Amino acid sequence: MQEIKKILFLAEGQMGDSIVLTPALKALKQKYPYVKISILLFHRRKYLKCISKPHPFIELSKFEGTAEIFKNNPFTDEVLELDRKAIRELKGLKRLKAELYCIKFLRSQKFDAVISTFPQNRFVLWSFFAGIKIRIGEKGQQFEGLLTHKPQINRSDFGVLNYFCNLLLPLGITVKDKNTIFNLTEEARVIAKEILFSEDIKSGKKLLIIHPGASDKDRQWSPEKMAELFKLLNSQNNIQLMTVFSEYDKDYINILEHLLEKKIRKIKTEKISELAGLFSFADAVLVHNSGPRHLAASLGIKTIALLEKYDDIIWKVYENEDLHRIILSEKICKFCNANKCRGIIPPGNIYGASCINDISAEVVYNSITSFLADTNI
């Protein structure tokens with residue numbers, strides 16, 4: 001392998017993907033401490049205001065949105081961000097011109113190596129036309145002939161965390177420490193502590209934080225099921241409930257409160273650091289297959305995750321079941337294909353694929369209470 005001074009990761013801009021990538025970044029920096037590690041985040045949602053010169057759509061990160069994952073990460077030297085949605089909205093020559101600008105920008109940075117963290121055509125094509133000499137990506141994808149190193153790995157065989165780590169094999173790196181990383185500041189904890197005090201969260205009782213968000217509505221347990229769970233949990237005098245949510249979850253929270261016919265203890269967070277601060281005081285968190293799940297795991301907080309059937313094939317990424325539990329429906333789903341959830345929400349429903357709504361509130365309640373029983377106050 002030739003000398004590498006600058007390496008680029010082409011990555012999804014999602015919170016969970018970013019957190020799960022952190023063990024690979026750490027292993028690379030520890031093996032090659034003098035290599036400059038850059039990440040280009042391709043955002044699905046429109047976080048950025050596009051700039052006009054010199055390279056529209058790509059800019060140096062201000063560590064807002066999901067990029068905050070890397071703000072205090074000692075194993076990352078530079079974070080760039082790209083508004084993928086803005087590029088896709090362009091047509092014809094305008095889109096071609098935008099993509100050429102991005103390729104020209106990557107070429108100007110003179111990266112020695114690039115790792116495509118997912119098998120995406122744009123990742124491979126941009127790497128090739130940018131003239132990056134070492135191009136690493138999964139074997140078997142379209143345009144694999146443009147890659148120089150093609151480890152034979154698949155997310156369904158290894159899970160996403162191991163998949164990211166195995167992308168380093170062509171660089172002679174075997175990742176041993178697979179603990180994910182988010183560096184929580186003391187300032188964030190102080191702010192969270194003040195919020196908990198204002199919400200009358202008491203010491204001496206277990207704190208369960210529920211985050212109902214997910215990137216897609218089919219991944220979210222229905223508010224009706226969540227309301228059933230709330231009623232069961234409210235019978236437990238030693239458990240305090242707090243719901244934490246983002247801008248994207250407002251409608252879900254409104255429906256939940258309507259079903260419960262009362263206000264719930266809820267906190268809306270604007271930043272990942274705010275969410276992490278609150279999580280750090282929880283005895284456990286209830287989540288979906290979502291970024292908050294991975295954030296809690298990176299802090300060492302117990303997680304109970306409600307997943308669509310077969311989502312555990314690529315997202316059962318945490319081996320310690322004393323800390324992290326997954327709940328799946330045991331029923332046969334008429335919509336799911338073999339080993340793959342199709343994410344079909346039944347007619348008349350807004351949230352939840354059929355298979356995730358097959359999970360009963362009683363099963364989740366029993367898992368939570370047994371999990372918290374093993375947690376020392």
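From the list Phe75, Phe111, Phe129, pick out the single residue that is at pLDDT 95 or above, in the same structural domain as Asn166 (by TED's automatic domain parsing) and under 22 Å from the mean Cα position of the chain (by Cα).
Answer to the selection: Phe75.
Please list, ordered by first then second residue, the pairs with beta carbon atoms under 8 Å, 6 or more apart or interchain, first in segment 201-218 and within 19 Å of Ala296 (Cβ to Cβ), second part of a loop (DSSP other than H, G, I, E, B) and among the hydroxyl-bearing types (Ser, Thr, Tyr).
Lys206/Thr375; His211/Ser290; Gly213/Ser246; Gly213/Ser290; Ala214/Ser290; Ser215/Ser290
Hey, can you tell me all the residues within segment 303-323 that are more than 15 Å from the chain's Cα centre (by Cα), farther than 19 Å from Met226 by Cα and surrounded by 20 or more Cβ atoms within 10 Å (Cβ to Cβ)?
Once the filter is applied, which keeps residues that are more than 15 Å from the chain's Cα centre (by Cα), farther than 19 Å from Met226 by Cα and surrounded by 20 or more Cβ atoms within 10 Å (Cβ to Cβ), segment 303-323 yields nothing.
Can you name every one of the helices (runs of 4 or more DSSP H) wholly within segment 305-377 that holds 3 or more residues which are under 12 Å from Arg219 (Cα atoms) and touching a residue at least 12 places away in the same chain (Cβ under 8 Å)?
Passing ranges, in order: 354-357.
Go through segment 200-233 residue by residue and tally those that are more than 13 Å from Asn349 (Cβ to Cβ), within 26 Å of the chain's Cα centre (by Cα) and among the acidic types (Asp, Glu).
1
Scan segment 132-183 for residues that are closer than 18 Å to Ala113 by Cβ and of a type in the set (Asp, Glu) and jot them down.
Selection gives Glu138, Glu144.
Do you know which residues across segment 145-179 are at pLDDT below 95 and not in a loop (DSSP other than H, G, I, E, B)?
Those that are at pLDDT below 95 and not in a loop (DSSP other than H, G, I, E, B): Arg155, Ser156, Asp157, Phe158.
Does Arg135 meet the test of being touching a helix residue (DSSP H, G or I) at 6+ places or on another chain (Cβ under 7 Å) and at pLDDT 95 or above?
yes
The values are calculated or read from the model by the stated rules, or taken from the named source; none is laboratory data. Computed from a predicted model, the values in this text were never measured in an experiment. Methodologically, a virtual Cβ is constructed for each residue, glycine included, from the backbone with ideal geometry; neighbour enumeration extends over all protein chains shown.
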